[in-house]
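Below is one structure, written out as structure tokens; comments come after it.
The values are calculated or read from the model by the stated rules, or taken from the named source; none is laboratory data. All values derive from a computational prediction rather than experimental measurement. Glycine gets a Cβ as well: all are built from the backbone with ideal geometry, and neighbour counts include every protein chain shown.
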Amino acid sequence: MVGLAQVAFGFRGGIITIDTTEEAPNVYIEGVLDTSTDINLELLYFDTGSASYKPVVTFLLSQAIGDTGSVAPWGATEPAQLDPVRGDISFMNSGQLYDCDGNDYQSPTIPFNTQLTFIVEGWTGNATSLQAAEYTFGDKWGVTAPFTETLSDPNSPILANIANMPALNLSIPEPGTFVQAGLGLASLLALRRRK
């Protein structure tokens, strides 16, 4: 399959996987280790050309069908809960992220051995993006700090994964945070208006 992907793309683009079962930080919900709640998840990389983060893969609880191959293109949307028993976060993985499809995600334009900066966004509920979850009452959400990984050669027996990912903590931001930010903005505008 990897050989076919190389022929289709015309070169060997770099690969990354999502299997943090070995020594990776965990996922927490409201500060408690998550070993049973399935979440939506998006892995994004920093594109220096556009100076913004772009999706590698998005896992949605509302998605029923995903990519049928073992090598999926960047920007794919996959089901977050292909198997209701295993899911994406499970007790057998001690709260660590796991792609139950076992896909490799191959860039069509970025060569292997390229070091990239990634973030992971996570949220609960049925929103189709982190931005939508931020405005949905009751949805918990969070974003990791940026981390780096080096894309693997598709022919390598050991593929890059997101093992350098910092912990992901999903929570509902306190309303006080938004109130304080609003008051600060209003004060700033009032002070600028007086001068």
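Anything in the range 137-176 that is surrounded by 11 or more Cβ atoms within 10 Å (Cβ to Cβ), among the hydrophobic types (A, V, I, L, M, F, W, C) and within 16 Å of N113 (Cβ to Cβ)? List them, or say none.
L151, L159, A160
State all residues of the range 97-131 that are within 13 Å of L60 (Cα to Cα) and touching a residue at least 40 places away in the same chain (Cβ under 8 Å); if no residue qualifies, say none.
D99, E121, G122, W123, T124, G125, N126, A127, T128, S129, L130
Of all residues in the range 1-54, which are surrounded by fewer than 16 Cβ atoms within 10 Å (Cβ to Cβ), modelled with pLDDT of 90 or more and under 20 Å from A133 (Cβ atoms)?
The answer is S52, K54.
Go through the range 90-170 and tell me which strands (runs of 3 or more DSSP E), entirely inside it, have 3 or more residues that are closer than 17 Å to N26 by Cα and touching a strand residue (DSSP E or B) at 6+ places or on another chain (Cβ under 6 Å). Spell out how you get there, then give the answer.
On the way: elements: 104-111, 115-123, 141-143, 147-150, 168-170.
The strands (runs of 3 or more DSSP E) meeting that bar are 115-123, 141-143, 168-170.
Go through the residues of the range 63-83 one by one and say whether even a single one is under 22 Å from P146 (Cα atoms), at pLDDT 80 or above, surrounded by 15 or more Cβ atoms within 10 Å (Cβ to Cβ) and small (G, A, S).
yes
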